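Some notes on the structure that comes next.
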Amino acid sequence: MSSSILSAETFSAARAQGISELENFDVDQLQAILLDLDRPERSSGRGGKAKLPPIAFSNEEERKKLEENLTKAKRALIDVKRVEATKHLVHGNFEQSVVEATHALKLCMDVHGSGKVELVPCYLLLAEANLGLGRQKHSAEYLARANWCILKNPDCSNRLKSQLYRNFGKLYASQGKHDEALRQLANDVYFSSLQVGPEHVDTAGGFYYMATVFYLQQRIECALAMCDKVIEIWMKRAKALPSGESQAAGKGEVNEQNKLSEAQVMEGLQIVSKIVVLREEALGPEHVSTGEACYALGLLYQVCIDRISIPIL
């Protein structure tokens, strides 16, 4: 089976997310777009962009309209593929994440061209997935490409800069370059704070990865201080979220600012679970801080009831 296959389930989920650009296409037509990207014999000489089979048009207006719709469909498919890649990433399915992110990258290059800032999220997904597979060289290559795109576009969002620095920090930590990892992660926290604030769950990830590096350096007090901040952030957010039952009963009443994506929820569960283990090792299973982390983990599980399928971590 081709790695480009777009499942009917994914297609339906994309439509459910309100991606209006997909309304004029069925799953077979969109599948043809993806399969066309895998056929090098159909690449044109200009920029290497993939071309679909020629179609006869009655007039120029009809041709332009179809081209516009195809571009919109490709943009929508980029979002679909990136969402799927992120889901596989947070669930630890790194190989499948690479597949989905690769197709998102191909679509991005087809729509935007090479060297554009729009390619950065795909590069970051590929870097993180390859790092999860232990392919440090591949991860470094994708991060270098992402960094180059951001350097060429200095006005890009602080969110992208934060994600770039976080991935560099994780790469350096895996290579044992702890001081450099901390510098990169400090930049991650800084840019994330500019984007969403220092108390946001997205920023909490940077604090957590700094804690892991401190722990590797045997700087236990610093590691525990970072963990305290992470637990504080997730406790506040978990208490602000409705439980699964109340959310299911009154979806229309849920504040948009309180919503979390599946990727954010899964990352939170993983981070808090690891903090439970870290505190058990550093302070003991009976310590009040360990109990606090277990309580935070329980709150996260509670608010996720009926929302997503949660594996036991």
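Read the figures in this text as sums done on the coordinates, not as results from a lab. The structure presented is a predicted model; accordingly, all values stated were derived computationally and were not measured. Neighbour counts run over all protein chains shown; Cβ positions are idealised from the backbone, glycine included.
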Taking Rh as the Kirkwood radius computed over alpha-carbon pairs of the range 66-153 and applying Stokes-Einstein at 25 °C with viscosity 0.890 mPa s, one gets a diffusion coefficient in µm² s⁻¹ of 189
Need one word for the range 174-234: rounded, prolate or oblate. Basis is the Cα gyration tensor (sqrt eigenvalues a ≥ b ≥ c); a/c below 1.5 gives rounded, then a/b vs b/c decides. oblate
What FRET efficiency comes out for the pair GLN302/GLU199, r = Cβ-Cβ distance, R0 = 25 Å, nearest 0.05? 0.75
With a point put 7 Å past each Cα toward its Cβ, work out how far ARG219 is from ARG75 in nm, to one decimal. 4.4
With r as the distance between the Cβ atoms of LEU66 and ALA186 and R0 = 30 Å, compute the FRET efficiency 1/(1 + (r/R0)^6) and round to 0.05. 0.05
What distance in nm separates the simple spin-label points at GLU141 and LEU283, each placed 7 Å from Cα in the Cβ direction? 4.4
For ALA263 and ASP179 in the same chain, what is the full-extension length gain: residue separation times 0.36 nm, less their Cα-Cα distance, in nm? 27.4 nm
Given a cut-off of 20 Å, name the pairs among LYS81/LYS116; LYS236/LYS274; LYS74/LYS259 whose C-alpha atoms lie farther apart than that in the structure shown. LYS74/LYS259
Full-extension gain between ASN93 and ALA240, please, as 0.36 nm times their residue separation minus the C-alpha to C-alpha distance. 49.9 nm
